[in-house]
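What follows is a single structure, written as structure tokens, with notes after it.
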Amino acid sequence: MRIAIPVTKGLLDAHFGHCSAFAFIDVDTQEKQVLTTRIVDAPPHVPGLLPGWLAKQGANLVLAGGMGNKAIQLLKDQGMDVLVGVPASDPESLALDYLKGEIGPGLNVCDH
């Protein structure tokens, strides 16, 4: 599984579409461990661009602090699962917490 997490300065960025980069974390869901992590600069902020770009990067799941409803639907249309309301932390810790079932949906900090 490949998890995509929007980041700025090494931590989850609460605003999905305005992050400076994405952490792509390949995980072993059986062993509940991180296999690889790579940080990729985010493309320019253009409405509707990120879902296709993330799909091309091989993402299966997006962990985000906040995201608009349209973006959530566009990601799901690309075959990705989306979890919003994730707390600000470093990407690998978030991925491990997700694998352990220690984070779930929280308050979506985005209202558009």
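No lab work stands behind these numbers, since they all come straight from the coordinates. Given the structure is predicted, the values throughout are model-derived calculations rather than measurements. Reconstructed Cβ throughout: ideal geometry from the backbone, glycine too, with neighbour counts over all protein chains shown.
What to note about this one:
- Matching option when the condition is of a type outside the set (D, E) and surrounded by 14 or more Cβ atoms within 10 Å (Cβ to Cβ), among Q73, Q33, Q78: Q78
- Unmet requirement for G58, which otherwise passes all of (1) at negative phi; (2) touching a Lys or Arg at 6+ places or on another chain (Cβ under 7 Å); (3) small (G, A, S): (1)
- Residue check for D90: surrounded by 12 or more Cβ atoms within 10 Å (Cβ to Cβ), among the charged types (D, E, K, R) and under 11 Å from the mean Cα position of the chain (by Cα): no
- Within region 5-20, restricting attention to residues that are in contact with a helix residue (DSSP H, G or I) (Cβ under 9 Å, 6 or more places away or on another chain) and farther than 16 Å from H45 by Cβ, the residue that is surrounded by the fewest Cβ atoms within 10 Å (Cβ to Cβ) is G10.
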